[in-house]
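**Student:** Before I ask anything, here is the structure I am working with.
The values are calculated or read from the model by the stated rules, or taken from the named source; none is laboratory data. Note that the structure is predicted; figures quoted are calculated from it, not measured. Every residue, glycine as well, gets a Cβ built from its backbone with ideal geometry; the counts of neighbours run over all protein chains shown.
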Amino acid sequence: MDKLDKFSALAICGLVLWCLLLLLTQPQGHEEQRHTPAMAGPRVDPALEQKTTLVKNLLASNNIDQAEKLLVDLVSSYPFEATLYFLKGDISLYRQDPLGAMSQYRQAVDLNPDFLDKKSPLFQGKKIKKTVEEARLLIEKGLAANPGDPPTLAFRKEYYYMLRKIAGSCG
């Protein structure tokens, strides 16, 4: 064994001893905190969950106007719930408005990036990618007709933002 091997062995032994010392000197006053199981996910209000299920059922039965009215009330009550914005994007898709859907999906993804995480149960990346692509076609068509149109330029900026979010996602 040369000097470097001896030094490495001493360094490893020192780190192991240091870790053991840290483990043994931890305060024991937090026993109940260490043994409580971690929550599997965020808490969801049961009333909100029932209402979002109702909205999904209304969309499935093609009652878009009723679903939208219920969503407006829910968004005013739960403004930071990403699922509601995702459902608003679905309503925009039912109305053949991919630009509006892209905007709603952006809000949903900003509030909860799990919609783009392939490993998440909330993953909706394929739907979002398809909607963003449909929006791109409309944006290009609008800019070809009127290159300086401010709303279309704003949608193009939002399109690029969504492309960055999709590229940075796990999906």
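**Student:** Tell me which of these Glu134 doesn't satisfy, since it passes every other one: (1) surrounded by 16 or more Cβ atoms within 10 Å (Cβ to Cβ); (2) under 13 Å from Tyr161 (Cβ atoms); (3) among the acidic types (Asp, Glu).
**Tutor:** (2)
**Student:** Right, here's the next one. Among the residues of the stretch 52-87, how many are touching a Leu at 6+ places or on another chain (Cβ under 7 Å) and closer than 17 Å to Met162 by Cα?
**Tutor:** Summing the residues that are touching a Leu at 6+ places or on another chain (Cβ under 7 Å) and closer than 17 Å to Met162 by Cα in the stretch 52-87 gives 2.
**Student:** May I ask you to list pairs of residues, at least six apart or on different chains, whose Cβ atoms are under 9 Å apart, with the first in the stretch 42-65 being among the hydrophobic types (A, V, I, L, M, F, W, C) and the second being outside any helix (DSSP H, G or I) and at pLDDT 90 or above?
**Tutor:** Pairs found: Val44/Glu81; Leu48/Tyr78; Leu48/Glu81; Ile64/Arg95.
**Student:** Separate question: Kindly check whether there is at least one residue in the stretch 144-158 that is in a helix (DSSP H, G or I), hydrophobic (A, V, I, L, M, F, W, C) and within 12 Å of the chain's Cα centre (by Cα).
**Tutor:** No, the stretch 144-158 has no match at all.
**Student:** Now for a separate question. Check Glu140 against each of (1) assigned to a helix (DSSP H, G or I); (2) touching a helix residue (DSSP H, G or I) at 6+ places or on another chain (Cβ under 7 Å); (3) not small (Gly, Ala, Ser) and name the one condition it does not meet.
**Tutor:** Just one mismatch for Glu140, condition (2).
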